[in-house]
Amino acid sequence: MDVLVLIGRVLFAAFFLASAFNHLANTSAMAGYAESKGVPSPRPATLGSGVVLMVGSLSVLLGVWPDLGALLLFLFLFPTALLMHPFWKERDSGNRQAEALHFGKDMSLAGASLMLFAFFSYVGTDLGLTVTPPAFDIG
């Protein structure tokens, strides 16, 4: 099971590492998009979210307090879905469909992150192939 969970961690974290890199390497473009969505202080928000994505994904990937990393990803994803992809505000059906797809993706990943948080916290040191034990113990 350890190897399967490790493969899952790698696949899961890869998506967020790419997103973190995009936030940090293309900050101006990402901040412009955030500003168009009404995000306050878009540049600091973009940089901050890039750091949260980087720390959370590396934590899950490397197994350094992976439960905390999964929780950080959840804390990024849930408000991002609501702030950045409010499909219910779109008048154009094409835009509404695209935003609904992104909203659903973010909510699904938020749910997966929350499940990973619970899984890592519950299983604890029995998981194996991690650098540290989880930060939380809900077992």
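What follows is calculated from the coordinates using simple rules that are stated; it is not laboratory data. Here the structure is a predicted model, which means the values were calculated and not measured. Virtual Cβ from ideal backbone geometry, glycine too; neighbours counted across all protein chains shown.
Quick one: net charge around Ser59, please, counting Lys, Arg +1 and Asp, Glu -1 for every other residue with C-beta under 13 Å from its C-beta. Before the final figure, lay out the partial values.
Numbers: positive: Arg9; negative: Asp67.
Every neighbour counted, the sum reads 0.
Placing one identical point scatterer on every Cα of the chain and ignoring solvent, what is log10 I(q)/I(0) from the Debye formula at q = 0.09, 0.10, 0.21 Å⁻¹?
Debye output, listed in q order: -0.29, -0.36, -1.19.
Read phi for every residue in the range 46-58 and hand back ³J(HN,Hα) as whole Hz from Karplus 6.51 cos²θ - 1.76 cosθ + 1.60, θ = phi - 60°, with x for Gly and Pro.
Each residue's phi maps through the Karplus curve to give 5, 5, x, 5, x, 5, 4, 4, 5, 5, x, 5, 5 Hz.
I'd like to know which of Ala98, Gly139, Phe74 lies farthest towards the positive end of the charge dipole of the chain, counting +1 on Cβ of Lys and Arg and -1 on Cβ of Asp and Glu.
Comparing the listed Cα positions along the dipole, Ala98 ranks first.
For the range 89-139, which trypsin sites (Lys or Arg not before Pro) are in a loop by DSSP, counting at most 10 other Cβ atoms within 10 Å? Can you show the working numbers first?
Values: sites: Lys89, Arg91, Arg96, Lys105; in loops: Arg91.
Of the trypsin sites (Lys or Arg not before Pro), the ones in loops of the range 89-139 whose Cβ has at most 10 other Cβ atoms within 10 Å are Arg91.
Suppose every K and R has +1 on its Cβ and every D and E has -1 on its Cβ; what is the size of the dipole of the range 2-126 about the Cα centre, in Debye to the nearest 20? Intermediate values should be presented prior to the final figure.
Details: 7 positive and 8 negative charges, 66 e Å.
Dipole magnitude for the range 2-126 comes out near 320 debye.
In percent, what relative contact order does the chain have, based on Cα pairs under 8 Å that are 6 or more apart in sequence? Walk me through the intermediate numbers first.
Numbers: 189 pairs, mean separation 33.1, N = 139.
With pairs under 8 Å counted, the relative contact order is 24 percent.
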